[in-house]
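Remarks on the structure that follows.
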Amino acid sequence: MPEAHKSSLLQPATLKEFNNLNVLERGHIFFLYRPKVMKEQVHDFNEVQKLVIVLKPQRLYAQQPVSSMSTEQEPARVLMVPKKTLPSKGEKRLAIVTQVDSDIDQIVKKSLSEEHYQTFTRGERELGACRLLGEGLYELIEHRENHTHLSYVLEFPKTWEPNSVQAEFGIQKEDTLILSAKNPQTYTTSFSTASEGPSASSSTQTKKGHKEIPQKVIDLFQGKTFLKINPPSILSHEGLQLLLIGAVEYDERGVALVEEDLKREHEKLEWEARVEASHLDSSNPPLSLLERELHLKSSDDKENEKVNMDVMDTGEFE
């Protein structure tokens, strides 16, 4: 038995049975949205600027291919979806890796918290803190050796069906998306531009203080436009563009098995939360994943608001 599979949710024999289904990475997933500029309250979808996804890996399963890629624990990544919704079956969405950091507090500070900035014509402008839509667990799954799936199951809010706000963003109680990386040599965006000059011709230089996308990552594409996310460390590069596709054709038995294992992990988390709550004052409810994992202040702290959690609690815009 390969060492990398010993801690996997699925047993190796089961993985082999379902078309070499291979769990590459597992962790916590958070869905949030950012209000448009100068919108203290968001009344409908039109007042939303962007959808934000945070992936916080827990541990890697699959062996890394023979390369110089790091096998260390991957940092958390922030993905921005400009069109604001996840794709339904057959649809496509662009996503951009906007921040990579092992320090969750830095992710909260730079990507999720309230922002203030100055403009020449309008003076000070304000971007409200991100609003939490939902949170749960995800697995990055290699399927049939030619693409990768991002499969997730929500744990909070604790409802059987997505609420009306989640539905507007295309967020389901559980879902599977095909996830691919786009070759950095094929695009130029506000987050990534091709370097100029002979000394920089072999890499991609990113703006806004982002690090370069290393040549060893570009080499993995072998001239192709898209690449499956194996190794998962491909995701850990700011400025990288990703393609999300609503899954249409996949082994339903295999993916359903992964989702069932995720649900069992949810039950374990709920049990841990109840045990934790039993040692607390009865007036303090168990912390959500976001509060436990990202160490956020509650939305009551308006003086230094980090992430507003009211939308997840109520299921409605403000």
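Note on region 89-117: among residues that are touching a residue at least 24 places away in the same chain (Cβ under 8 Å) and of a type in the set (S, T, N, Q), the one that is surrounded by the fewest Cβ atoms within 10 Å (Cβ to Cβ) is Ser102. Residues in region 47-77 that are part of a loop (DSSP other than H, G, I, E, B) and at pLDDT 90 or above: Pro75 only. Could you say whether any residue in region 195-203 is over 19 Å from the mean Cα position of the chain (by Cα), at pLDDT 90 or above and either part of a helix (DSSP H, G or I) or buried (at least 22 other Cβ atoms within 10 Å of the Cβ) (or both)? Within region 195-203, not a single residue is over 19 Å from the mean Cα position of the chain (by Cα), at pLDDT 90 or above and either part of a helix (DSSP H, G or I) or buried (at least 22 other Cβ atoms within 10 Å of the Cβ) (or both). Please verify whether Gly209 is loosely packed, with under 13 Cβ neighbours inside 10 Å, closer than 22 Å to Asp101 by Cα and at pLDDT below 90, treating the condition exactly as stated. Yes; evaluated as a whole, the condition is true for this residue.
Please find, within region 88-135, the residue that is farthest from the chain's Cα centre (by Cα) out of those that are β-branched (Val, Ile, Thr) and modelled with pLDDT under 80.
Ranking the qualifying residues of region 88-135, first place goes to Thr121.
Within region 161-194, the set of residues being exposed (fewer than 12 other Cβ atoms within 10 Å of the Cβ) and either β-branched (Val, Ile, Thr) or at pLDDT 50 or above (or both) comprises Glu161, Ser164, Thr188.
Determine, yes or no, whether His147 is farther than 12 Å from Phe31 by Cα, at pLDDT 70 or above and crowded, with 22+ Cβ neighbours inside 10 Å. It is false that His147 is farther than 12 Å from Phe31 by Cα, at pLDDT 70 or above and crowded, with 22+ Cβ neighbours inside 10 Å. Residues that are touching a Pro at 6+ places or on another chain (Cβ under 7 Å) and more than 18 Å from Gln58 (Cα to Cα) within region 83-106 comprise Arg93, Leu94, listed in sequence order.
The values are calculated or read from the model by the stated rules, or taken from the named source; none is laboratory data. Note that the structure is predicted; figures quoted are calculated from it, not measured. Reconstructed Cβ throughout: ideal geometry from the backbone, glycine too, with neighbour counts over all protein chains shown.
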